[in-house]
Amino acid sequence: MTKPKIADLLNEPGCEHNHKKEKGKNKACTQQAKPGAAQGGCAFDGASIALVPITDAAHLVHGPIACAGNSWGSRGSLSSGATTYKMGFTTDISENDIVFGGEKRLYKAIAQVIKRYHPPAVFVYSTCVTALIGDDLDAVCEAATKKFATPIIPVNSPGFVGSKNLGNRLAGESLLDYVVGTAEPEYTTPYDINLIGEYNIAGELWGVLPLFEKVGIRVLSKITGDATFEEIRYAHRAKLNVMICSKALINMGRKMEERYGIPYIEESFYGVEDMNRCLRNIAQKIGDEALKQRVETVIAEEIAKLDIALAPYRARLKDKKMVLYTGGVKSWSVMSAAQDLGMKVVATSTKKSTEEDKAKIKKLLGKDGIQLAKGNAQEILRVIKKTQADMLVAGGRNQYTALKARIPFLDINQERHNPYAGYVGLIEMAKEFDRALHSPIWQQVRQPAPWETEESQELEVLKDTPSDIRSQKLEARS
Amino acid sequence: MTTVTKSKKSVAVNPLKQSPPLGAALAFLGLKGIVPLFHGSQGCTAFAKVLLVRHFREAIPLATTAMTEVSTILGGEDNIEQAILTLVEKAQPDLIGLLTTGLTETRGDDMNGILKSIRQRHPELDSLPIIFVSTPDYKGALQDGFAAAVQSIVSTDYGTPVETFQFNSLPQVTILAGSQLSPGDVEEIKEIVETFGLKPLMIPDLSGSVDGHLDDDYNSKTPGGTSLEQLQQLDRSLFTIAIGESMRPAAEILQQRFGTEYEVIPRLAGLAPVDSFIWQLAQIIDAQTDPRFLGSPQIPARYKRQRRQLQDAILDTHFYLGGKKISLALEPDLLYQTIWLLKDMGAEIQAAVTTTKSPLLKELAIDNVTIGDLEDLEDLAVGSDLIITNSQGKGLADKLNIPLYRMGYPIYDRLGNGSRCLVGYRGTMQFLFDLGNIFIELGH
């Protein structure tokens, strides 16, 4: 990966981060991790998040054991078919490979993977060590592609080039350069769309796909949740790109517009309002009157069903206060979902948000809401205390921040176990909020032991005082 | 004598091993008030953290020097310095455990030189011990990194303790607790040692930090474990007991530094090994007693009773375990302990896969052991009655339709990894019952 290419990705014009006029622009995209304070993943992590959901491909990590050995099999993307993506493949390089170069080992590794597992494609990821010793990933992949008549795709995303976000975009570049446009679909329809940036965590996609089917929108390629390698190859034949979790693969949306003239829109699946808007916007972009009409009918049906299903939860969740701590788009999309349920978001993070995100947040949050520009565990706990929030909604990384402080918690990020997308997802989310908030455990974990109450502590202090003074004090107290 | 086969493949498929830095960080987590600091890219820390958080279901304080491409080429000194200063400001740690990664080892940062010059510039760090260990990702596995960190812990100079005169202070024994021991195992070992009237100095003590307990405050460093004050008293131990062969080099370091005699107990599950551990403790006590009152060493009544309970459990479970074909993929120390215990119960070992070299591999109760991955296990385990490995073995166990018993790291899909105990008389019983119940469930 060349320097200018990385600079290009960081200055991605499709990204709102780069539209800020003031000094210190591009902050969110180019800001460097702070030694001692940083807690995020690396570019390799980001590239894996974006590509590993391709279910039938093999994902081969060229590096020492840490990169794959510590992480394989831990992604939450679900598959309706192949399970090859769940396997961990790595060259597990040794000191020898570092001294003599790892290219031969990589080539042999690719051969062995293909021989035994016959995947339709192999994604090969570089890592810090193999990038540092100068292994030529592109050349090895090119040679292997020819030799094995299978697409072997280089992903130049060594961890040290930057953040998870940059890694997402580097993954997008690999798809653009090596995958998209290399095959043709069996047939096309005027209603073909691609979903980009939706990874089918906990099967979320499955809550949304039936809606598209119902209104007559065909999802041509899913990039990349529950995708096959083949469907991404013909993604260039879609009429519209719908970016979900929009910033992660924004470069794909913009470049596919340039190369294939496919327009893109940025949408969210969380909450009634956003789901409605998503369907309407797609219909607006590609649809005729009939499609628009079907969308309205489906929305009306879904809302009617939803109102009945949500009624008991709305009553129980009304005015409950939450602090939301998550990245980018979710900081407002989840907020609108929570408000659909009658809950109040008293604070949310704006750490990774663009100016556009921030404007949406401001509108949703109201004037009393707190925007958390940066946040570590202590800061989050301080805000919860200050706002007297009932729960924390955040990524898995903050789960124990909340639980150890005896505060109800809901996981909203990658590692979550429940699907929250679409109308059915909102019911799921309501159930989870209700379970978390009204669990009988909170009272127990906050309950001090009989010997930890204020009274018993006082007695403890008096333990060593002479008995006459002690009884005097006790008398005085009662 | 067991033949050790190294997999000839160029690709690890479904890797069994984790990285040495992860092991080193785990060992550091057994010290109180520490933050393990990875000198590498931020992903090195993030992946290790996610794995440990998912295994223990605990917040795990790990930090990174956040190396970038540019800082790697220029050298990591500035990043290390900034990371240490930031940690001191934000977490006020009692100790920092600094470890390298594949990235910074390939680049070849002169760590001793860097630490020296940071210390020169920052005299305010004089009272902060920084335990340094070199753990390139490309050399060895979790067990090696853990062992290397323990060696660094016992090699570091912690300064002299503030002298407190103690009457009747109990005789102290250093216990080197290898990576095969879970927090629950460490807790059990501590309890046994204490019951003998000895004070155990655990290196490391995971039972105080990742055992799963609810504290009053939020922690950005480890809330428990062996403290700096305890580390300052390493030289006072009467004896070192190293549990796990990988702890031997650390025991040797203690012998060289302080003249402390040691004994390596390669396994602590099964009747005979626990007997010899208990007997060892009794001997230490005995040596402390006035020779005029010489009698046979006193064994606490509870262990006499537990021993009889274990014997009974062995009788009850042997119906289910005898003749069963079992395939295992575990790190060497844990593999050795588990294979011998199964062998002692009359089970057959069908296959053994491990992560890294160890002198113990030649002494397993089987003909062959493979240093390899879970793909190797999948090939070798066909037709077994039981598979024993970490949670990553779920896929192959399902595929082969063989029940899985989870041991090692990581275990994602079972609760209670912080308190589970499989050593000592009681832990051995637990292991036998767990396995027996699996076979009863299957109707074997």
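Nothing in this text is a laboratory measurement; each read-out follows from the coordinates by a stated rule. Quick caveat: nothing in here was measured; it's all calculated off a predicted structure. Methodologically, a virtual Cβ is constructed for each residue, glycine included, from the backbone with ideal geometry; neighbour enumeration extends over all protein chains shown.
A few comments on the model shown:
- Each Cα pair under 8 Å and six or more residues apart adds its separation to the average, and for the range B:20-139 the resulting relative contact order is 33 percent.
- What you get for the protein assembly as shown, charging only the Cβ of Lys and Arg (+1) and of Asp and Glu (-1), is a dipole of about 1680 debye around the Cα centre.
- Area projected by the alpha carbon convex hull of chain B, averaged over all directions, nm²: 22.8 nm²
- Value of relative contact order over chain A, rounded to a whole percent, pairs C-alpha under 8 Å and six or more apart: 14 percent
- Selection from A:Met343, A:Ile407, A:Gln472, by position along the positive dipole direction of chain A (Cβ): A:Gln472
- Subset of A:Lys34/A:Lys386; A:Lys222/A:Lys385; A:Lys321/B:Lys90; A:Lys305/A:Lys330 violating a 31 Å alpha-carbon distance limit: A:Lys222/A:Lys385
- Charge dipole of the range B:308-442 about the Cα centre (unit charges at C-beta), most positive-ward option of B:Gly383, B:Ala397, B:Phe319: B:Phe319
- Student exercise, the range A:241-330 dipole from Lys, Arg, Asp, Glu Cβ charges, in Debye to nearest 20: 440 debye
- When +1 charges are put on Lys and Arg Cβ atoms and -1 charges on Asp and Glu Cβ atoms, the dipole computed for chain B relative to its Cα centre reaches about 680 debye.
- Tail fraction, Cα-Cα pairs, the range B:77-225, threshold 28 Å, whole percent: 31 percent
- Packing, taken as the mean count of other beta carbons within 10 Å per residue, orders the peptides B:263-273, A:221-231 from highest to lowest as A:221-231, B:263-273.
- Candidates B:Lys362, B:Lys17, B:Lys304, ranked by Gaussian network fluctuation over chain B, Cα under 10 Å, top entry: B:Lys304
- Per-residue mean of C-beta atoms belonging to partner chains within 10 Å, peptide B:249-259: 0
- Distance between the range A:223-273 and the range A:134-173 - C-alpha centres, whole angstrom: 21 Å
- Across A:Lys164/A:Lys362; A:Lys247/A:Lys358; B:Lys32/B:Lys190; A:Lys5/A:Lys86, pairs whose alpha-carbon gap is larger than 20 Å: A:Lys164/A:Lys362; A:Lys5/A:Lys86
- Computed FRET value (nearest 0.05) for A:Glu289 with A:Thr189, which takes r as the C-beta separation and R₀ as 22 Å: 0.85
- The angle between the Cα long axis of helix A:137-148 and the main principal axis of chain A comes to about 60°, on a 0 to 90 degree scale.
- For residues of B:4-11, the mean tally of beta carbons on other chains within 10 Å: 5
- Three-way shape call for the range A:266-378 based on the alpha-carbon gyration tensor, with the a/c threshold at 1.5: oblate
- The A:Ala373 and A:Ala139 beta-carbon pair, evaluated with R₀ = 45 Å, returns a calculated FRET efficiency of approximately 0.55.
- With the Kirkwood sum run over all distinct C-alpha pairs, the protein assembly as shown has a hydrodynamic radius of 29.7 Å.
- Bridge type composition, the protein assembly as shown - antiparallel percent by DSSP, nearest 5: 5 percent
- Remark: the range A:192-323 is approximated by an ellipsoid whose semi-axes, taken from the C-alpha gyration tensor as √(5λ), come to 28, 18, 13 Å, largest first.
- Kirkwood radius, the range B:20-139, all distinct C-alpha pairs, inverse of mean reciprocal distance: 14.3 Å.
- Ranking A:Tyr423, A:Ala248, A:Pro154 by how far each Cα lies toward the positive end of the dipole of chain A (charges on Cβ) leaves A:Ala248 at the top.
- Cα pair distances exceeding 38 angstrom across chain A, given as percent: 32 percent
- Remark: mean inter-chain Cβ contacts per residue of A:86-96 equal 6, using a 10 Å Cβ-Cβ cutoff to other protein chain atoms.
- For the range A:125-235, the orientation-averaged shadow of the C-alpha convex hull comes to 8.5 nm² (one quarter of the hull surface).
- A Gaussian network model of chain B, with springs between Cα atoms under 10 Å, assigns the largest mean-square fluctuation among B:Thr370, B:Thr156, B:Thr135 to B:Thr156.
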